[in-house]
Number of protein chains: 2
Amino acid sequence: MQNLSKNQQIIFDLIDKSPEPLKAYTILYNVQKKGIKAPLQVYRALDKLVEIGKIHKIESRNAFIACHNSSCQVAKATAFSICEICEKVTEISSDSLSKYLANFKDKDGMKYIKYNLEFFGLCKKCKVK
Amino acid sequence: MQNLSKNQQIIFDLIDKSPEPLKAYTILYNVQKKGIKAPLQVYRALDKLVEIGKIHKIESRNAFIACHNSSCQVAKATAFSICEICEKVTEISSDSLSKYLANFKDKDGMKYIKYNLEFFGLCKKCKVK
DNA sequence: TTACATCTTGTTATATTATAACAATCTAAA
DNA sequence: TTTAGATTGTTATAATATAACAAGATGTAA
């Protein structure tokens, strides 16, 4: 558990308090007043935060959310549900799912400790409408 | 099962015969001699091909591969293994996996018919080296 | 067969996402 | 305290993707 650098902390705080995934350039616009001026400064912090498991990238959306699941910090094994209407993203913490996927063997008998799963559908709210 | 349009067919043929996922601009360079000159022509064909299930997008790589698994054409439920060294991508066709994921319920009891799963690791060849 | 809707194409321009390259500064451990 | 590694700052550019508009092709139902 290492300490975050200045830029990493600024960017993590922003993502952590956001109710929705943030895109790199949205982050940039929001931290310019804190002295972070260039895309690369944002991407470098994002890379590091992803690497140490503090945030995850939602690949299908090119956006980033904070991790609230202590177990995936090591494993880089992530699962999300994404609402196709309101774009709400929720990290899934299911022991059964993570166990199933960690033990899954492909046809060559290969196992994977690293994966990313994105479920798509409608969230509760959008389903009702 | 609809017929493909001219551009869709050209682009599908290229992806289908490629041993590896292709990126949009790689596709563009390879079909310019066939009269497809602009990115948008490529992206439109790709969108359609993804929509009808003839190809899949590898989200973490921004690349496209042909589908060889008839069942996902309808379901849009996809799973891949990706080698982190050689970038080889293989579509996973596992009844057990697809059944598990199709029946998976999140903590709200929600099921998802649509998902994308990307496993990361080393392929057989790269593991040996 | 016509008329209509829908899909597809072509084209230019631009938006969005991400990295290269180089130099300086900070930080923590030996 | 020195030194390796991490972090920062900066400019430029690469890579990925969409907007907007006009025209042509296609099929389908009256």
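The values are calculated or read from the model by the stated rules, or taken from the named source; none is laboratory data. Here the structure is a predicted model, which means the values were calculated and not measured. Positions of Cβ are generated from backbone atoms using ideal geometry, with glycine treated the same way; all protein chains shown enter the neighbour counts.
Summary table below
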{"item": "Single residue of the range A:81-97 satisfying the filter (small (G, A, S) and within 18 Å of A:K57 (Cβ to Cβ)) that is farthest from the other protein chains (Cβ to nearest Cβ)", "result": "A:S93"}
{"item": "Scan of the range A:9-25 for residues that are within 14 Å of DNA strand C (Cβ to nearest atom) and in contact (Cβ under 8 Å) with a residue 24 or more places away in the chain, ordered by number", "result": "A:I10, A:I11, A:I15, A:E20, A:P21, A:L22, A:K23, A:A24"}
{"item": "Flag for A:N7 being of a type outside the set (A, V, I, L, M, F, W, C) and at pLDDT below 95", "result": "no"}
{"item": "Residue check for A:L22: under 29 Å from B:A77 (Cβ atoms) and not polar (S, T, N, Q)", "result": "yes"}
{"item": "Test: residue in the range A:105-118 that is more than 7 Å from chain B (Cβ to nearest Cβ), assigned to a loop (DSSP other than H, G, I, E, B) and surrounded by 16 or more Cβ atoms within 10 Å (Cβ to Cβ)", "result": "no"}
{"item": "Verdict on B:E51 being more than 8 Å from DNA strand D (Cβ to nearest atom) and modelled with pLDDT under 95", "result": "yes"}
{"item": "Qualifying residue in the range A:67-79 (condition: in contact with a strand residue (DSSP E or B) (Cβ under 7 Å, 6 or more places away or on another chain), of a type outside the set (S, T, N, Q), within 11 Å of chain B (Cβ to nearest Cβ) and surrounded by 18 or more Cβ atoms within 10 Å (Cβ to Cβ))", "result": "yes"}
{"item": "Meets criteria (hydroxyl-bearing (S, T, Y) and within 10 Å of DNA strand C (Cβ to nearest atom)) for B:S5", "result": "yes"}
